[in-house]
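*Asks:* Right, I'll just put the structure down here and ask away after.
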Amino acid sequence: MRKQIGYIITTIAILIGNPVVSQKPMQQLDLDADKNWWAGIISMGEMMPLSNSLTIDMYGNNYGNQVQPLLLSDAGDVVWSETPFQFSYENGKLVAIGDYGTIAHHKAGKSLKEAFQYANANYFNASRRMPSEAFFRVPQYNTWIELTYNQNQKDILEYAHNIIKNGMPPGILMIDDNWQEDYGTWAWHPGRFPDPKAMMEELHQLGFKVMLWVCPFVSPDSATFREMAQKDLFITSKSVEEDKAGLPTELPKRHRPKMIQWWNGVSAVLDLSNPDAVAWFKKTLDFLQSEYGIDGFKFDAGDSSYYTQGESVKPISANEHTRLFAKIGLDYPFNEYRATWKMGGQPLIQRLRDKKHTWEDLEKLVPQMGLAGIMGYPFSCPDMIGGGAFRSFLNDAEIDQELIVRSAQSHALMPMMQFSVAPWRVLNETHLNAVLNAVKLREKFSDYILKTAQESSRTGEPILRLLEYTYPHSGYANVKDQFLLGDTLLVAPVLEKGATKRKVDIPPGKWRSFTGKTIKGPKKITVSVGLDDLPYFEKLNL
């Protein structure tokens, strides 16, 4: 969520109006904190393995990103619950607490990989499906940073033409928020899109696939809202007294939608426990595809916190609403989600939450992407190159050109890369050429990236792997600034401003470096780096 501020970390369960299970006696697991533990809170990947005090309650909170009710240790431990649970790590003590269901604890082996494989086989086995292959071959281009809430036909076409004009390949173009008439009225805004069919035809001819931003909200002053309220398709207020929408009180109770405040206003929210609401949403999306040739959708919002405030037709948890929103994307090979719950092994693009235009946030990419992989989300995207915080690129905002280059390089050999800020607008020739070289490097390895993604769809194994995952108990548990793509490509992006050298942990085996030198591991080395350099090492089968 692009305007969500901070994390809401609490040990108190967030109660919703219609509890889904009877309150059970609290279950508590005291876990061996001498081991290294990774927890399924993707937005906190940089805090893994757990070492600092942390308290988490998953109920009604996805912490701005994907959440999986899972703990894994490097000694083969697996902790899983079908329902949300709490855990705390403090003063060397790790405790898991279950109020809404049973927490299972298994000893699956002796390593992080064995723990993951057990969880994968028993709780989120790979679906053997994957999103469109295009995500792994070509860059994504999101119109958010350049256009923000002024999405319009003229500027979108100009953005697309400039991508090609500046030496970048056509890819997946995501048209972001405010292309529509209103939230929930998913029709092109007639003033800003005079001929959307012609725009779509031109984009396709240029070689782009096109996705549209959508969300589960409906604006209360729209005709869509009035029609859907009568059909009971929204989360409703718990009582007349709670109804803040000013709706006529003579309406039947089910016709009193609960108004939810989110980052861009106050809206009604689809009741995803109601099959009719889901059918309405999918019919709308399918129409956009059949009428305009839209290739897929960026599904934003869906955070469980929006479902803690009202009542639904069926008594399901707030977390379950988030899961049901993600299930909709399974019918669209071009999809993207930021907020999901318990969707491991599924063919969904799982994007990291928006990152700031800072070196500190750049450092979060590797550990968060690594955590996503071992939590069952292999098809992950590391947010937008340079950051998704649009205010960092407005007017006279100070832009760090080196940061954008290093961000592009970090993305280049991850499962996918996504641009938003136009590099040709904010970079000089030297820095732009460095970004273009990162794109060319990705093209060089595109077959390998795709092959690894295809294998992941069959096995469930991460595409981007922590070193500890592949080389257990070798001192790599806290390596957070390099990663493996598959098992044979080691990547060590430059994450420090002004760096001219980079320390790298070389695992066992023989590796050919980005300079052509053969290195035998395990060993620690230091390599020299220029602006154009992304240190990578290919494992040799000797």
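*Asks:* Can you tell me which residue within region 372-392, out of those that are buried (at least 21 other Cβ atoms within 10 Å of the Cβ) and either at pLDDT below 90 or aliphatic (A, V, I, L, M) (or both), is farthest from residue 119 (Cα to Cα)?
*Replies:* 390
*Asks:* Let me ask something else about it. For region 68-122, give me the residue count where each residue is under 20 Å from residue 318 (Cβ atoms) and at pLDDT below 95.
*Replies:* 5
*Asks:* Please count how many residues of region 366-403 are part of a helix (DSSP H, G or I) and of a type in the set (Phe, Trp, Tyr).
*Replies:* Adding up the residues that qualify gives 2.
*Asks:* Does region 239-250 include one or more residues that are at negative phi and modelled with pLDDT of 95 or more?
*Replies:* No, because not a single residue in region 239-250 is at negative phi and modelled with pLDDT of 95 or more.
*Asks:* Six or more apart or on different chains, Cβ under 7 Å: which pairs go from a residue in region 345-358 that's free of Cβ contacts under 8 Å to residues at least 40 places away in the same chain to one that's basic (Lys, Arg) and in a loop (DSSP other than H, G, I, E, B)? Could you list them?
*Replies:* Pairs found: 355/364.
*Asks:* Name the single residue that is farthest from residue 33 (Cα to Cα) among those in region 61-77 being of a type outside the set (A, V, I, L, M, F, W, C) and assigned to a strand (DSSP E or B).
*Replies:* Going through the qualifying residues, I end up with 68.
*Asks:* Something else now. So, in region 259-285, exactly how many residues are in a strand (DSSP E or B) and of a type outside the set (S, T, N, Q)?
*Replies:* 7
*Asks:* Within region 160-204, how many residues turn out to be surrounded by 18 or more Cβ atoms within 10 Å (Cβ to Cβ) and in a helix (DSSP H, G or I)?
*Replies:* Of the residues in region 160-204, 6 are surrounded by 18 or more Cβ atoms within 10 Å (Cβ to Cβ) and in a helix (DSSP H, G or I).
*Asks:* Report whether or not residue 342 is under 21 Å from the mean Cα position of the chain (by Cα), within 30 Å of residue 405 (Cα to Cα), of a type in the set (Lys, Arg) and modelled with pLDDT of 95 or more.
*Replies:* Criteria not met by residue 342.
*Asks:* Could you pull out every one of the helices (runs of 4 or more DSSP H) wholly within region 426-542 that has 3 or more residues that are within 19 Å of residue 403 (Cβ to Cβ)?
*Replies:* Here the list reads 429-444.
*Asks:* While we're looking at this one, here's another question. Taking the condition of being at pLDDT below 95, basic (Lys, Arg) and buried (at least 17 other Cβ atoms within 10 Å of the Cβ), how many residues in region 205-237 meet it?
*Replies:* Residues meeting the conditions: 0.
*Asks:* Another question, then. Based on what the data block shows, is residue 465 in contact (Cβ under 8 Å) with a residue 40 or more places away in the chain, touching a strand residue (DSSP E or B) at 6+ places or on another chain (Cβ under 7 Å) and crowded, with 22+ Cβ neighbours inside 10 Å? Break it down stepwise before answering.
*Replies:* Working: in contact (Cβ under 8 Å) with a residue 40 or more places away in the chain: yes; touching a strand residue (DSSP E or B) at 6+ places or on another chain (Cβ under 7 Å): yes; crowded, with 22+ Cβ neighbours inside 10 Å: yes.
Against the criterion (in contact (Cβ under 8 Å) with a residue 40 or more places away in the chain, touching a strand residue (DSSP E or B) at 6+ places or on another chain (Cβ under 7 Å) and crowded, with 22+ Cβ neighbours inside 10 Å), residue 465 qualifies.
*Asks:* For the condition farther than 23 Å from residue 36 by Cβ, aromatic (Phe, Trp, Tyr) and either surrounded by fewer than 20 Cβ atoms within 10 Å (Cβ to Cβ) or at pLDDT 95 or above (or both), what is the one hit in 445, 483? Working first, answer last.
*Replies:* On the way: 483 fails: farther than 23 Å from residue 36 by Cβ.
Answer to the selection: 445.
The values are calculated or read from the model by the stated rules, or taken from the named source; none is laboratory data. Keep in mind that this is a model prediction, so the values were computed, not measured. Here the Cβ is made from the backbone with ideal geometry for all residues, glycine too, and neighbour counts use every protein chain on show.
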